[in-house]
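A short worksheet on the structure shown next.
The values are calculated or read from the model by the stated rules, or taken from the named source; none is laboratory data. Because the structure is predicted, anything quoted here is derived from the model rather than measured. Cβ placement follows ideal geometry from the backbone for every residue including glycine, while neighbour counts extend to all protein chains displayed. To get the accessible areas, we keep the full protein, side chains included, count just its heavy atoms, and leave off ligands, DNA and RNA. Shrake-Rupley method; radii C 1.70, N 1.55, O 1.52, S 1.80 Å.
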Amino acid sequence: MKIALIGYGKMGKMIEQIAIDRGHEIVSIIDIDNQEDFDSPAFASADVAIEFTAPQAAYGNYLKAWEKGVKVVSGSTGWMKEHGDDVRMACTEGGKTLFWASNFSIGVAIFSAVNRYLAKIMNQFPQYDVEMEETHHVHKLDHPSGTAITLAEEIVENIDRKEAWKEDTTDKKYLRVDHIRRGEVPGIHTIRYDSDADLITITHDAHSRKGFALGAVLAAEYTKEHQGLLTISDMFKF
């Protein structure tokens with residue numbers, strides 16, 4: 001498979017190595033200093049572009065890739081509130097393809113399935129209050145993380161006593177989501193169900209970004225053969 005990389009930071013370099021190890025070809029690498037390469041024949045030859053950039057750049061990158069007929073896999077977060085409707089329309093009515101996930105880790109996909117199942121169980125036990133905490137490296141710009149938002153939405157969907165999620169709240173009708181930024185932490189997500197009697201906790205603690213990078217390449221392999229608006233639940237049937 002021919003892959004273009006959009007964004008060549010730590011994640012982009014790790015994706016490059018894993019893709020090559022899996023027998024794929026990197027035909028184009030686009031970073032902030034060579035945006036003109038979106039118009040190159042090399043970029044247009046890619047089956048899929050894997051995009052990990054900043055919230056303010058992601059949507060524009062999708063448009064540039066789609067203009068060249070290139071499918072996109074993206075792990076960029078923070079763009080959906082402003083451009084989510086446009087992306088959905090492009091993929092459902094405009095024939096474009098985007099595989100988007102807040103987290104590509106296989107472990108997080110499993111953790112998310114456990115989160116949904118546990119929330120359904122805990123809906124029956126109102127004595128337990130639920131809250132979430134996410135910890136990431138100091139370079140992460142958005143908060144809470146895209147993964148935390150996805151997990152929080154899954155909880156709210158399955159627990160009737162929570163209307164929505166919020167940061168920095170003491171109102172029990174909301175799921176409280178806290179964020180911590182320290183060091184070079186790849187990502188820790190913890191969900192706690194606390195009662196007077198006991199505490200139930202589930203945690204996903206990433207050791208490195210390698211799991212995210214592998215998941216992104218697996219998503220590219222999946223995207224090459226599929227179209228539309230895709231995500232982890234399409235690739236993994238839990």
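Could you tell me what percent of the accessible area of the stretch 115-200 is made up of carbon and sulfur, with a 1.4 Å probe and every protein chain present? That share works out to 49 percent. Accessible surface of Lys210, taken over heavy atoms with a 1.4 Å probe and every protein chain present, rounds to 130 Å². Restricting the calculation to alpha carbons of the chain gives Rg and Dmax of 18.7, 64 angstrom. The helix-based estimate of mean residue ellipticity at 222 nm for the chain, built from -39,500 (n - 2.57) per DSSP H run of four or more residues and divided by its residue count, is -11500 deg cm²/dmol to the nearest 500. In this structure, the amide hydrogen of Ile26, modeled 1.01 Å from its nitrogen in the peptide plane, lies closer than 5 angstrom to those of Ile3, counting only residues at least 5 positions away or on a different chain.
Taking every DSSP beta bridge that has both residues in the chain, what percent is antiparallel when rounded to the nearest 5? Just about 35 percent of them are antiparallel. The slack in the chain from Thr203 to Lys13, taken as 0.36 nm per residue of separation less the alpha-carbon distance, amounts to 65.7 nm. Pairs Lys13/Lys140; Lys120/Lys224; Lys81/Lys140: which exceed 26 Å Cα-Cα? Distance filter (> 26 Å) returns Lys120/Lys224.
Rounded to the nearest 20, the Cβ-based charge dipole of the stretch 93-176 about its Cα centre (Lys and Arg +1, Asp and Glu -1) stands at 180 debye. Given a 1.4 Å probe and the protein chains as shown, His83 ends up with an accessible area of around 40 Å². Summarising the amide proton neighbourhood of Ala49: residues at separation of 5 or more, or on other chains, whose placed amide H is nearer than 5 Å comprise Ala4, Lys71, Val72, Val73.
Of the residues Gly23, Gln56, Leu141, the one whose Cα sits farthest towards the positive end of the charge dipole of the chain is Gly23 (charges of +1 on Lys and Arg Cβ, -1 on Asp and Glu Cβ, taken about the Cα centre). Surface analysis of the chain yields an accessible area of 50 Å² per residue, using protein heavy atoms and a 1.4 Å probe. Less than 5 angstrom separates the built amide H of Glu167 from those of Val177, all sequence-distant by 5 or more or on a different chain. Extension gain, Ser40-Met89: 0.36 nm per intervening residue step, less the Cα-Cα distance, totals 15.0 nm. Computed from backbone phi with θ = phi - 60° and the Karplus coefficients 6.51, -1.76 and 1.60, the 3J(HN,Hα) list for the stretch 93-100 is 10, x, x, 8, 10, 9, 9, 10 Hz; x is used for glycine and proline. Packing around the peptides 65-73, 17-25, taken as the average count of other Cβ atoms within 10 Å per residue, puts them in this order, highest first: 65-73, 17-25. Placing dummy labels 7 Å off each Cα toward the beta-carbon, the span from Ile110 to Leu229 is 3.0 nm. With every protein chain in place and a 1.4 angstrom probe, the accessible-area ranking of Thr223, Thr92, Thr170, Thr53, largest first, reads Thr170, Thr92, Thr53, Thr223.
For the stretch 198-209, 3J(HN,Hα) computed residue by residue from phi via the Karplus equation (6.51, -1.76, 1.60; θ = phi - 60°) reads 6, 10, 10, 10, 10, 9, 10, 10, 6, 7, 7, 7 Hz, glycine and proline entered as x.
With θ taken as phi - 60° and the Karplus curve 6.51 cos²θ - 1.76 cosθ + 1.60 applied, the whole-hertz 3J(HN,Hα) list for the stretch 24-39 is 8, 10, 8, 9, 7, 10, 10, 10, 5, 9, 9, 4, 5, 6, 4, 8 Hz, x standing for glycine and proline.
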